[in-house]
1. What residue among A:Gly263, A:Gly361, A:Gly195 shows peak mean-square fluctuation when chain A is described by a Gaussian network model with Cα springs under 10 Å?
2. Whose amide H sits under 5 Å from the amide H of A:Ala259, counting only residues 5 or more places off or on another chain, with H placed in the peptide plane?
3. Just to confirm a number: summing +1 for Lys and Arg and -1 for Asp and Glu over residues other than B:Asp214 whose beta-carbon lies under 12 angstrom from that of B:Asp214, what do you get?
4. Antiparallel DSSP bridges in chain A: what percent, to the nearest 5?
5. Arranged by the count of other C-beta atoms within 10 angstrom, fewest first, what order do B:Val24, A:Val356 take?
6. Run down the lysines and flag those whose C-alpha is under 24 Å from the C-alpha of B:Lys165, throwing out any fewer than 8 positions away in its chain.
7. Which percent, nearest 5, of DSSP beta bridges in the stretch B:125-224 are antiparallel?
8. Running a GNM on chain A with Cα contacts under 10 Å, which residue among A:Asp291, A:Asp368, A:Asp354 ends up with the highest mean-square fluctuation?
Amino acid sequence: MNAVAQPSALQVRAQDFLARYEGLKDRLPGDAAVRTAAAAAFARTGLPGPREEAWRYTSLRPLAEIGFREPLGPLADCAALLAGLPAIEGPRLVFVDGRFRADLSAVPSHVTVRTGTPAFGTLARLDEKLVTLNTMLAEDGATIDVAEGIDAGTLLLISLGSGSHSHPVAFHPRHALHLSPGASMTLIEIAMGAGTYLHNPVTSITVDAAATLTHLRIQNESPDAFHLSTVYADVGARGTYDSFALTLGGRLARMEVHAHLHGEKAAAHLNAAQLLGGNQHADFTTVVAHDAPATASRQTVKNVLTGHARGVFQGKIEVARVAQKTDGYQMNQALLLSPDAEIDSKPQLEIYADDVKCSHGATVGDLDPDQLFYLRSRGVAQAEARSILVRAFLSEALDPIVHEEARAAMETAITAWWERQSV
Amino acid sequence: MLEIKGLTATVDGKEILKGIDLVVPQGEVHAIMGPNGSGKSTLSYVLSGREGYEVTGGSATYDGQDLLALAPEERAAAGLFLAFQYPVELPGVGNANFMRTALNAVRRARGEPELDAVQFLKRARAELRRLSMADDMLKRNVNVGFSGGEKKRNEVLQMAILRPKLAILDETDSGLDIDALKIVAEGVNALRGPDFTAVVITHYQRLLDHIVPDRVHVLADGRIIRSGGPELAHALEAGGYASMIAEAA
Ligand SMILES: Nc1ncnc2c1ncn2[C@@H]1O[C@H](COP(=O)(O)OP(=O)(O)O)[C@@H](O)[C@H]1O
Ligand SMILES: [Mg+2]
């Protein structure tokens with residue numbers, strides 16, 4: 001008798017995504033050859049599983065248990081979600097359930113924006129399974145181009161999960177952003193939503209020589225949502241990719257950032273804060289490749305964990321032989337406000353150059369009782385004292401944010417998050 | 001009036017306060033002197049409600065209110081202020097914000113209207129000038145990167161802004177040069193009056209030249225072994241603690 005191995009939940013889910021692709025492939029826009037290759041790769045590799053080193057701390061099992069469909073049906077008005085958006089002025093590209101909504105957007109005049117076709121670009125590789133999934137199923141995305149020397153100001157990229165479907169839905173937007181030499185821009189990404197959905201965006205970012213992208217992200221997805229995002233940032237000589245990502249929402253979230261510093265004196269700041277409660281799980285995973293001399297990377301990751309929440313930070317710094325005078329810094333700090341919360345931190349340094357400065361560190365702890373007592377002795381009630389100290393813990397990450405409205409939006413979201421926790 | 005009766009307290013199971021009896025009438029300033037490790041800071045922490053300091057007997061009341069039954073913030077709202085021997089650094093917390101939050105918390109508890117940022121800054125700047133402190137003190141993070149003297153002055157600034165009814169100053173004079181010492185003394189003297197009661201803990205008689213106390217108490221090994229007028233401080237300075245402790249034994 002032949003024993004037939006039961007497929008795992010992850011395999012079943014992968015099969016289901018493939019079946020979705022088979023049903024949709026004739027209608028999906030963009031380069032069909034790229035999709036076919038992605039589908040073939042996905043059929044081989046499936047979803048990332050627990051045996052993979054990069055997925056040791058984050059299991060996609062909760063996702064595997066849910067059957068996702070495409071977001072079909074009439075356009076949702078999203079009135080409640082739109083009303084909950086932070087007040088930030090400026091042009092905006094709004095995607096609802098992964099599809100561009102011209103009626104809700106205000107397209108910028110000083111940059112080139114194309115939507116309706118996923119921008120596969122050249123950066124994304126087929127060795128990232130979620131990127132492969134995205135490539136196979138992407139329906140839409142923004143392709144943004146900033147011309148040489150232009151200061152493009154602020155652009156909002158908003159993703160709403162409408163929650164208006166009778167089934168959980170999955171969407172895989174594919175964005176590309178290119179800053180020509182000397183250009184600059186602040187991209188503010190906000191992800192919010194209602195109900196159960198999978199938001200699996202992939203964004204390819206190219207920062208040319210002496211260009212600067214400030215990338216601010218607020219991940220405030222629905223409490224039942226899955227957020228799995230991948231960013232590729234290629235930075236040329238004297239270019240800067242300066243990013244800060246605030247994670248508050250989602251049931252299971254992972255942000256993965258691959259920064260490639262390929263021009264001399266290129267710099268990347270991959271800062272993040274993860275504020276998690278209940279049974280939330282969030283993972284911030286970075287890979288910084290220093291591939292040219294005198295490149296610099298800075299990563300400060302702050303975690304505030306309550307309830308049974310689990311935070312993960314994995315930071316890999318690769319320094320190629322040519323990348324002499326590299327300066328790499330990585331710090332992961334966690335405030336564990338409950339005995340059941342957990343943080344996993346995995347720094348990885350792979351250094352092949354000899355003249356480099358690389359350091360990493362991690363701290364874990366509760367609020368300092370001496371600081372709490374000092375505040376309380378001045379009349380500040382316990383709950384407010386705790387809130388002040390949590391905010392102080394985050395200040396190193398928040399204070400450098402120059403964009404005032406974005407910073408205020410983050411402060412507001414953090415305050416609202418704090419008020420939802422019972423600590 | 002502060003009234004302490006038979007107060008005993010332990011830290012980590014070790015008895016530190018072994019029966020303190022002390023009465024500070026309304027409007028008076030009393031000094032507590034005593035050798036290192038005699039329990040002066042422990043007394044100040046017990047009175048302000050720090051965790052880990054367990055009261056095992058006796059009582060402490062302020063204006064008839066049982067201080068020991070209150071949370072630290074409730075004691076502050078009742079008018080108590082402790083100037084810490086070792087002020088705590090709060091990285092990421094601006095000094096002005098910190099003081100305004102504290103002041104408004106206390107005002108709320110007392111049913112007084114809160115001050116907005118502008119009103120607060122006006123008041124804070126006036127106090128700064130009176131204490132000869134630089135304005136940038138308000139912009140810095142609480143006690144972060146402050147010198148020892150700046151930290152002590154920052155305690156006095158907080159006291160001036162919060163205007164407590166009962167202040168405990170724990171070695172606020174230690175490590176200060178004579179000019180800083182005068183500033184601290186002026187801060188206390190400015191508040192003196194029928195509605196201000198204070199306990200000044202010090203090692204040195206020289207502070208008491210500037211803040212002349214109504215009474216001086218000597219604390220040794222968790223007990224008050226002598227009490228007297230300001231002249232007691234001079235006797236101590238001349239004879240030291242050892243002889244006084246030997247005498248009391
Ligand atoms: N947190 C603590 N844990 C253990 N022992 C302590 C602690 N704080 C104070 N003590 C002890 O209590 C005694 C009194 O200390 P303290 O009140 O600081 O004295 P003083 O302020 O008079 O110098 C000392 O023996 C000190 O070692
Ligand atoms: Mg002491």
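Since every read-out is calculated from the coordinates, none of them should be taken as a lab result. Given the structure is predicted, the values throughout are model-derived calculations rather than measurements. Positions of Cβ are backbone-derived with ideal geometry, glycine not excepted, and every protein chain shown enters the neighbour counts.
1. Highest fluctuation among the options: A:Gly361.
2. A:Ala233, A:Val287, A:Val288, A:Ala289
3. +1
4. Just about 5 percent of them are antiparallel.
5. A:Val356, B:Val24
6. B:Lys5, B:Lys40, B:Lys122, B:Lys151, B:Lys152, B:Lys182
7. Details: 3 of 8 bridges.
Once the DSSP bridges in the stretch B:125-224 are tallied, antiparallel ones form about 40 percent.
8. A:Asp368
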